[in-house]
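The values are calculated or read from the model by the stated rules, or taken from the named source; none is laboratory data. Not measured: the values here are computed from a predicted model. Please note: Cβ atoms are built from the backbone with ideal geometry, for glycine as well, and neighbour counts cover all protein chains shown. All accessible areas refer to the heavy atoms of the entire protein, side chains included, with ligands and DNA or RNA removed. Shrake-Rupley method; radii C 1.70, N 1.55, O 1.52, S 1.80 Å.
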Amino acid sequence: MSNVTLIILCAGNSTRFGLQAKKQWLRIDHQPLWLYVTNRLKNLNSFQKIIIVSHKDEISYMKNFADDVDFVEGGDTRQQSMLNGLQNVTTDYVMVTDVARACIPEDVILDLIKNKTQADCIVPVLSVSDTVVFKDDTINRDEVKLIQTPQLSNTEVLKNALNTDIEFTDDSSAIKSIGGTIKYIKGSQKSKKLTFGDELTSLDCLKAPNNCCFNGTGFDIHPFEDNKQMYLGGVKIEGLDYGFKAHSDGDVLIHSIIDAILGAAGAGDIGEFFPDTDEKYKGVDSKLLLNSIVTFIYNVGYEIVNIDVTIIAQQPKINPYKIQIKNTIAKLLNIEKQFVNIKATTAEKLGFIGRKEGVAVQSIATLKYYDWTNR
Ligand code: ZN
């Protein structure tokens, strides 16, 4: 069995990437970039364990995609994320890579592993073919190296080297700072890191996202409660002396939309994101809940195509509010209003809805992958 652990850093929030979807969640056909990178490296059969370091809000969703890797919560900086990952490494050697290096050639990885006992840190480098000037002086370019990642390190040496407040730009600089040894091997132009959105299409190893659509349904019911303000679809319903009984503000329409969106993304349900046992959500404005779900959905690589809603209510009268609800929901979802449809029906005086005891709402949402090839 190999004595190398692979750490893949995926905790970045892509602030320099200029896209709404986080870099690690862009789809390569159906696979998020982080999974594509993981599977490619896993297929080399060279690692005892793979550790994915990720944002805490995304780990439970990531577990839907892979159950044979370990997930670790990231830190505020790359170095902190790396340290969090290293705490879970038990092998003698560790290779650390960024999810943004999606197209590293296999021979670079295998060459790093082959050389693992040769120094404390094995580093791929590129030579420079352009003329290099340092502070107005042309210097011998044969002595200049461009350092690449991933690098392979002796686990204990790397842990010791990072046990400091100094921020290093790569593992080898940290190891050098405590007197560790470095061995350079030949890197590759293909190991380039994806930094900006428009660089994506220049990488021929990445397939475009699949263009299929995903549907999810949502359904919610709330009973009426006296002496409360009613909110439906984020809109205040006037002239009533009752609202909805709930832990939150009881906006049954928004709750149903949240479940439809989560369903389409395969991301569970509203209760998993906002447990009704949590005091934090007592009386909460459901618009805020929808907001945070929409941010999550865009972050993990989806776009919302359309939403269709059916309100089943004997009372209140929905018609006067339909347009306002449609506009409010479209704004919250960040889509054009023609892609939001609000329908209303009564229960023909049957059952609890017909007896005017509460309201039910049913929704369907359609999502597609964010298309990074068009940007
Ligand atoms: Zn609800």
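Residue by residue through segment 72-115, note down the ones that are under 15 Å from Val4 (Cβ atoms), touching a residue at least 24 places away in the same chain (Cβ under 8 Å) and open to solvent by 50 Å² or more (accessible area, probe 1.4 Å). Answer for segment 72-115, where residues must be under 15 Å from Val4 (Cβ atoms), touching a residue at least 24 places away in the same chain (Cβ under 8 Å) and open to solvent by 50 Å² or more (accessible area, probe 1.4 Å): Asn88, Thr90, Asp92, Glu106, Leu110.
For Ala246, indicate whether it is farther than 28 Å from Val305 by Cβ, within 14 Å of the ligand (Cβ to nearest atom) and not polar (S, T, N, Q).
It is true that Ala246 is farther than 28 Å from Val305 by Cβ, within 14 Å of the ligand (Cβ to nearest atom) and not polar (S, T, N, Q).
Considering only segment 137-163, state which residues are farther than 21 Å from Asp92 by Cα and either within 29 Å of the chain's Cα centre (by Cα) or not assigned by TED's automatic domain parsing to the domain that holds Ile113 (or both). Listed by number, the residues that qualify are Ile147, Gln148.
Of Asp68, Asp92, Asp120, Asp137, which residue is within 26 Å of Lys23 (Cβ to Cβ) and not aliphatic (A, V, I, L, M)?
Values: Asp92 fails: within 26 Å of Lys23 (Cβ to Cβ); Asp120 fails: within 26 Å of Lys23 (Cβ to Cβ); Asp137 fails: within 26 Å of Lys23 (Cβ to Cβ).
The conditions single out Asp68.
From the list Thr217, Thr295, the lone residue that is modelled with pLDDT of 95 or more and either hydroxyl-bearing (Ser, Thr, Tyr) or within 14 Å of the ligand (Cβ to nearest atom) (or both) is Thr217. Residue count for segment 268-319 satisfying the condition of being over 30 Å from Ala208 (Cβ atoms), surrounded by fewer than 20 Cβ atoms within 10 Å (Cβ to Cβ) and in contact with a Phe, Trp or Tyr (Cβ under 6 Å, 6 or more places away or on another chain): 1. Could you give me the residue pairs with C-beta distances under 9 Å whose first residue belongs to segment 210-229 and is over 30 Å from Tyr36 (Cα atoms) and without any contact (Cβ under 8 Å) to a residue 40 or more places away in the chain, whose second residue is assigned to a strand (DSSP E or B) and away from the ligand (no atom under 13 Å from the Cβ) wherever it lies, and which are 6+ apart or on separate chains? From residues that are over 30 Å from Tyr36 (Cα atoms) and without any contact (Cβ under 8 Å) to a residue 40 or more places away in the chain, the pairs are Glu225/Tyr242; Asp226/Tyr242; Asn227/Tyr242; Lys228/Tyr242; Gln229/Lys236; Gln229/Ile237.
Of all residues in segment 239-266, those satisfying the criterion of being small (Gly, Ala, Ser) and within 23 Å of Glu357 (Cα to Cα) are Gly239, Gly243, Ala246, Ser248, Gly250, Ser256.
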